[in-house]
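Here is the structure we will look at.
The values are calculated or read from the model by the stated rules, or taken from the named source; none is laboratory data. Because the structure is a prediction, the values reported are computed rather than measured. Cβ: placed from backbone, ideal geometry, glycine included. Neighbour counts: every protein chain shown.
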Ligand SMILES: *Cc1c(COP(=O)(O)O)cnc(C)c1O
């Protein structure tokens, strides 16, 4: 018996595969690396005497691997989850005014640190800081990369001296989103945790008795992504502020979302528990500094805003660490434009706020339009009653009545396959599955995207 010819010979060249993939929609080195990886796997198999698959099959494997890689490239998607601040979908989409400002600044030189009035070096973000202070009712404000960075900066600043202890209620040692755990952040920032109270009950007295020569800071963290009910109590922040002032210890509040608008008035009356604590309230309650996100209920770019007493903000900005956490010109521009909208009473142009305010009548009318356009496709489409949540770890109890388009294929396609195909559409559509239906909640779909959803469904379901 002679051995069969070595299977290695049948493995195609990188060049031949690249040619078959032409035209490429990723850079050639990106595709080449994927091809090489697949060929290496084949060579390993061949050495183990597995037969080399036919060329077409190898090509298909490469295509699949490239598809998977390409799907990870950052691109716009249609959010049909009904969750306006979906962390996995990039939280707040920017207002058109913010996008316009962003584009103009991005494509040109700008006065980031140049004072056009004097022709000399200028201070970064001065206009924005002025307006942030105005909007929050604080003496001063500044901004860093995100709220997590703001909290780290605050903790590092107040614990840089010999006093390291930060007093916090056990009810506030929470985890916010993926991997952001307050106790871990605190320790990583050089603070020593001094936990007071219990999970459900913390009294002012607990803070008062915990204060010692070692105390650097009192910290309160807004319970943003969950809520406590039943036998719970914690002192009002104003009382905590009075205690802090009396004992000459600074008080910081991590607010998380930090809506600048009164969500209680913004949301429809049927919404349960619509009010989200605002930075203005924190300042009014007397905290020394408050920090909150730029891309949660504020509806701007990723950023961490810090507002509070002028001397505290100035000291935070002098921290060497501040330089490492500062925002780039793009985030500053987008935040500036978003703040301008608030201050000029043009909040309705901020997509996140507009989505929260959209009433179900208008959503219903759009759903009917979509249903009409789907007529004749091999599917059953119905208008569903949906419940939107705010997302992004904010307002966990708020439930917004919403409207969805619920789809069941009638051509034998499984609903999860439909959901997968919608995600692979030229502009991916992300809905959710429930009750054996693929549901598209229209609250978070921009009206102009309705046509794109219809088009995606027409591609997925060939006309009968
Ligand atoms: C979301 C959140 C953060 C983190 O904010 P990022 O801007 O995402 O860094 C911190 N603290 C609280 C209470 C939050 O809700």
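What to note about this one:
- Qualifying residue in region 230-239 (condition: within 15 Å of the ligand (Cβ to nearest atom), touching a strand residue (DSSP E or B) at 6+ places or on another chain (Cβ under 7 Å), in a helix (DSSP H, G or I) and within 30 Å of residue 162 (Cβ to Cβ)): yes
- Looking across region 286-321, the residues that are surrounded by fewer than 22 Cβ atoms within 10 Å (Cβ to Cβ) and within 16 Å of the ligand (Cβ to nearest atom) come down to 302, 321.
- Leading residue by the ranking (surrounded by the most Cβ atoms within 10 Å (Cβ to Cβ)) among those in region 186-223 that are at pLDDT 95 or above and in a helix (DSSP H, G or I): 207
- Residues of region 354-373 that are closer than 30 Å to residue 292 by Cβ and either touching a strand residue (DSSP E or B) at 6+ places or on another chain (Cβ under 6 Å) or in a strand (DSSP E or B) (or both): 360, 363.
- Boolean, residue 433 is surrounded by fewer than 18 Cβ atoms within 10 Å (Cβ to Cβ), at pLDDT 95 or above and within 23 Å of the chain's Cα centre (by Cα): yes
- Single residue of region 137-164 satisfying the filter (crowded, with 21+ Cβ neighbours inside 10 Å and more than 16 Å from the ligand (Cβ to nearest atom)) that is nearest to residue 205 (Cα to Cα): 158
- The residues of region 374-408 that are away from the ligand (no atom under 16 Å from the Cβ), in contact (Cβ under 8 Å) with a residue 12 or more places away in the chain and in a loop (DSSP other than H, G, I, E, B), listed by number, are 374, 376, 377, 378, 399.
- Breaking point among (1) loosely packed, with under 14 Cβ neighbours inside 10 Å; (2) in contact with a strand residue (DSSP E or B) (Cβ under 8 Å, 6 or more places away or on another chain), for residue 83: (1)
- Some residue of region 263-281 being within 16 Å of the ligand (Cβ to nearest atom), modelled with pLDDT under 95 and not in a loop (DSSP other than H, G, I, E, B): yes
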